[in-house]
Amino acid sequence: MKGQKNGTKGRDLKERTFDFAVAVIRFLKKIRLSKENDIIRYQLAKAATSIGANYEEAEGAFSKDDFKYKISICFRESKESNYWLRIIEAVEITEGKELERLLQESFELKSIFASISKKVHFRKDV
């Protein structure tokens, strides 16, 4: 993925979610067209692009509750992206380093948004 010269540490989360969405879309373009694959492609594309879109909305949230809500969507969409990538791996639609990187990144994004979500839901000032 673009911008990963030194790993993912220190990268802006907005850039990271954007890069993940772009990488998923490029990855999906390589998957063979079929009725079954098309469902997976559509669902994964929606989930992966939603993470960054909702994170950008969270940055411009109108209230603390709005911020919490948008972050919770980021978490849910990260989980869903990870789910569809695991499906691709399990049914052997494709394999390789690219799938491994996307699985790892989806897991890391899921963990990041879970952590943010927990912190903001338990803090009274956020």
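All of the numbers you see were taken from the coordinates with simple rules; none came from a lab. From a predicted model like this one, the values you see are computed outputs, not experimental measurements. When we count neighbours, we look across all protein chains shown, and the Cβ atoms used for this are built from the backbone with ideal geometry, even at glycine.
Listed by chain and number, the aspartates and glutamates placed with their C-alpha closer than 14 angstrom to that of LYS119 are ASP65; residues fewer than eight positions away on the same chain are left out. Dividing the C-alpha radius of gyration of the chain by 2.2 N^0.38 Å, with N its residue count, gives 1.09. Stretching the chain fully between THR94 and PHE62 yields a gain of 7.4 nm (0.36 nm per residue, less the alpha carbon separation).
Within the set of other residues whose C-beta is less than 14 Å from the C-beta of SER72, count the net charge using Lys and Arg as +1 and Asp and Glu as -1. With Lys, Arg at +1 and Asp, Glu at -1, the net is +3. With point charges of +1 on the Cβ of Lys and Arg and -1 on the Cβ of Asp and Glu, referenced to the Cα centre of the chain, which listed residue (SER106, ILE40, ILE93) lies farthest in the positive direction of the dipole? So the residue furthest toward the plus end is SER106.
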